[in-house]
Amino acid sequence: MRQVIDGKIYDTDKAVLITIYQFNTNGDMNWVREELYRTPNGRFFLYGNGGRMTEYAEKNGAVTKLVTLTEADVIAWAERRAVDPNPLTKYIRIKEA
């Protein structure tokens, strides 16, 4: 997927896929799939979609969106989604506890 956001082209085919978060249950309207990417210029974005009861929903049902993220947003997303931090540490400095 390619999309212009804030005057910049974000392209899933040219970016590096870092990690994927997925939540679904058969027939669940809360299903979510988010792919975290990093562009060749170092910008982060999510390629996400989800069911009718998620932030990706619109009146006509599920929709796919690209959402840009800062490094702080990536860390907050990783915490909220409880993703494995190992793939992230290649691109973002996350301190050990």
Residue-averaged 222 nm ellipticity for the chain, from DSSP H runs of 4+ at -39500 (n - 2.57), nearest 500: -3500 deg cm²/dmol
Gain on full stretching of the segment that runs from Leu17 to Gln3 - 0.36 nm per residue minus C-alpha separation: 3.4 nm
Residues with amide H under 5 Å from that of Thr19, placed H, sequence gap 5 or more: Leu36
Debye-sum result for region 1-85 in log10 I(q)/I(0), which assumes one identical scatterer on each alpha carbon, at q = 0.12, 0.13, 0.19, 0.25 Å⁻¹: -0.36, -0.42, -0.87, -1.28
Vicinal HN-Hα couplings computed from phi for region 12-21 (Karplus, 6.51 cos²θ - 1.76 cosθ + 1.60; Hz; Gly/Pro x): 5, 6, 9, 8, 8, 6, 8, 7, 10, 10
Proximal lysines relative to Lys65, as straight alpha-carbon distance under 26 Å, when same-chain residues fewer than 8 apart are discounted: Lys8, Lys14, Lys90
Solvent-accessible area per residue for region 37-97 (1.4 angstrom probe, square angstrom): 68 Å²
Label zone at Val67 (point 7 Å along Cα-to-Cβ), backbone N below 17 Å, region 73-94: 73-84
Dipole axis of the chain (+1 Lys, Arg; -1 Asp, Glu on Cβ), positive-most option in Trp77, Ile92, Thr25: Ile92
Degrees, to the nearest 10: 71-81 long Cα axis against longest axis of the chain: 50 degrees
Share of carbon and sulfur in the accessible heavy-atom surface of region 38-93 [1.4 Å probe, %]: 44 percent
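The values are calculated or read from the model by the stated rules, or taken from the named source; none is laboratory data. Since the structure is predicted, the reported quantities are computational estimates derived from the model, not experimental observations. Cβ sites come from the backbone with ideal geometry, for glycine too, and all protein chains shown count toward neighbours. Protein only, heavy atoms only, side chains kept; ligands, DNA and RNA dropped before computing areas. Shrake-Rupley method; radii C 1.70, N 1.55, O 1.52, S 1.80 Å.
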